[in-house]
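Q: So that we are looking at the same thing, I have put the structure below in structure tokens.
The values are calculated or read from the model by the stated rules, or taken from the named source; none is laboratory data. Since this is a predicted model, take the numbers as computed values, not measurements. All Cβ positions, even for glycine, are placed from backbone atoms using ideal geometry, and neighbour counts span all protein chains on display.
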Ligand SMILES: [Zn+2]
């Protein structure tokens, strides 16, 4: 800075007030400065630092979005608890990145309200919507995890006890054999026992009859 600029020109028209707020978010910075921009040098640096933070967070959120957003079909395609757990972790990482972006953008705008513009406000709305979607997706995945566990439990039970899986199997294994034995018994009864008893009865009646009516002697 040249000595001529350092001269006491406190109320010179070209000297500007810094538009930053102090960390309390309410008190305006009392510094004045010359030159382009809206902030005194320390606040210009702070603004650049906070901008860098939200840009990093936004880039990370966009990177994680690819694995942090799942369609209904993609959720259904997760067929074991481990893969559902991995998906939940990825959605949580994505949600954390969105939270970080939200926090850093809010920090910037809280201290440097002059930065507030349509682009920031639109992005904050989008971030808020995506955060809500993440929470819903995590809940959906947790429910899906329960269903996956229930299905695999049912499969294990079927494997251990095959009769449970198909109630029609049991009659095929047990009952027909029993009924077949009954049928064979009935067949033997009809074809052998009853005729035999009948024959014996007939023979007995013949022999009794021949004793009661002895043959006429000639
Ligand atoms: Zn300042």
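Q: Checking residue 2 against (1) surrounded by 11 or more Cβ atoms within 10 Å (Cβ to Cβ); (2) modelled with pLDDT under 95; (3) farther than 30 Å from residue 150 by Cβ; (4) away from the ligand (no atom under 16 Å from the Cβ): exactly one of these is not met. Which one?
A: (1)
Q: Among the numbered criteria (1) within 16 Å of the ligand (Cβ to nearest atom); (2) within 23 Å of residue 121 (Cβ to Cβ); (3) surrounded by fewer than 16 Cβ atoms within 10 Å (Cβ to Cβ), which one does residue 52 miss?
A: Of the numbered conditions (1) within 16 Å of the ligand (Cβ to nearest atom); (2) within 23 Å of residue 121 (Cβ to Cβ); (3) surrounded by fewer than 16 Cβ atoms within 10 Å (Cβ to Cβ), the odd one out for residue 52 is (1).
Q: Return the pairs, sorted by first residue and then second, in which the second residue is more than 8 Å from the ligand (Cβ to nearest atom) and in a helix (DSSP H, G or I), the first residue lies in the stretch 27-46 and is in contact (Cβ under 8 Å) with a residue 24 or more places away in the chain, the beta carbons are less than 6 Å apart, and the residues are 6+ apart or on different chains.
A: Hits for this filter: 38/114; 39/47.
Q: Could I ask something else about it? Out of all the residues in the stretch 77-92, is one or more in contact (Cβ under 8 Å) with a residue 40 or more places away in the chain, surrounded by 13 or more Cβ atoms within 10 Å (Cβ to Cβ) and within 16 Å of the ligand (Cβ to nearest atom)?
A: no
Q: Follow-up. All but one of (1) farther than 30 Å from residue 133 by Cβ; (2) modelled with pLDDT of 90 or more hold for residue 52, so report the exception by its number.
A: (1)
Results for (1) surrounded by 15 or more Cβ atoms within 10 Å (Cβ to Cβ); (2) out of contact with any helix residue (DSSP H, G or I) (no Cβ under 8 Å at 6 or more places or on another chain); (3) farther than 27 Å from residue 40 by Cα; (4) free of Cβ contacts under 8 Å to residues at least 60 places away in the same chain, shown as yes or no for each residue.
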{"site": "98", "(1), (2), (3), (4)": "yes, no, yes, yes"}
{"site": "101", "(1), (2), (3), (4)": "yes, no, no, yes"}
{"site": "128", "(1), (2), (3), (4)": "no, no, yes, yes"}
{"site": "138", "(1), (2), (3), (4)": "yes, no, yes, yes"}
